[in-house]
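Working notes for the structure below.
The values are calculated or read from the model by the stated rules, or taken from the named source; none is laboratory data. A quick note: this is a predicted structure, and the numbers were derived from the prediction, not measured. Side chains are part of the model used for accessible areas, which takes the heavy atoms of the whole protein and leaves out ligands, DNA and RNA. Shrake-Rupley method; radii C 1.70, N 1.55, O 1.52, S 1.80 Å.
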Amino acid sequence: VAAVPVLFKQALENTDTEEGKSVSLRCELTKADAPVVWKKGGAALQASAKYEMKQKGTVAELVIHNAEPEDA
């Protein structure tokens, strides 16, 4: 039996914020608790004081704290 691929039910959308504020990026998947890797420029982001990753069911969220222009 072939595995059913995990797809985006709701893709990421561009989000604006002010410098120094926090911003939240969210996407919804077709399968609950599927592994999600957040990347920037091809490099995987690691959880830190700046990057907070959350996942509940089918919704994955990346919160960027203290946003800077380089986070675009």
**Request:** At 1.4 Å probe size, with no ligands or nucleic acids counted, give the accessible surface of residue 12 in Å², nearest ten.
**Result:** 90 Å²
**Prompt:** One-quarter of the Cα convex hull surface for the stretch 8-71, in nm²?
**Reply:** 4.3 nm²
**Request:** List, in order, the whole-Hz ³J(HN,Hα) value for each residue of the stretch 46-63 obtained from phi through the Karplus relation with A = 6.51, B = -1.76, C = 1.60 and θ = phi - 60°; use x for Gly and Pro.
**Result:** 10, 4, 7, 5, 8, 10, 10, 9, 10, 8, 9, x, 8, 9, 10, 9, 10, 10
**Asked** Amide H to amide H, which residues 5 or more places from residue 58 or on other chains are under 5 Å from it, using H placed in the peptide plane?
**Response** 33
**Request:** Would you check the chain for Lys pairs whose C-alpha atoms are within less than 25 Å, ignoring same-chain pairs closer than 8 in sequence, and give me the count?
**Result:** 20
**Asked** Rounded to the nearest 10 Å², what accessible area does residue 6 show when all protein chains are kept and the probe is 1.4 Å?
**Response** 70 Å²
**Fill in**
HN-Hα couplings for the stretch 16-27 via Karplus (6.51, -1.76, 1.60; θ = phi - 60°), in whole Hz with x for Gly/Pro, come out as 9, 8, 8, 4, x, 8, 9, 9, 10, 10, 10, 9
